[in-house]
Ligand SMILES: [Zn+2]
């Protein structure tokens, strides 16, 4: 029995338009040891989260259920962190805009 592809079984995740492999690879400085190495392609990663995300993006069809669950959780955490970062960046831009506007009004 063939199982349903992961991205169709989790409609709440938007897992289309994956970055190419070169975008998920990273350099490990020579004086540091990687947190993990991908068992499918041998690429080292500095953190476990980066390794889990790499495996989910590049080797999704080869992952077992536990690895897919780890990818889903890590992907959701990453999206939540990105959403928080975007809100903070927007807040900083709004503060800068009104700060400069008020400064302009006071000075002129
Ligand atoms: Zn890999």
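FYI, it's all coordinate maths here, none of it is from the lab. As the structure is a computational prediction, the values presented were derived from the model and not from experiment. Positions of Cβ are backbone-derived with ideal geometry, glycine not excepted, and every protein chain shown enters the neighbour counts.
Taking each residue as 0.36 nm, the span from residue 107 to residue 82 lengthens on full extension beyond its C-alpha to C-alpha distance by 5.3 nm. Look at 86, 50 and count the other Cβ atoms within 10 Å of each Cβ; fewest to most, that gives 86, 50.
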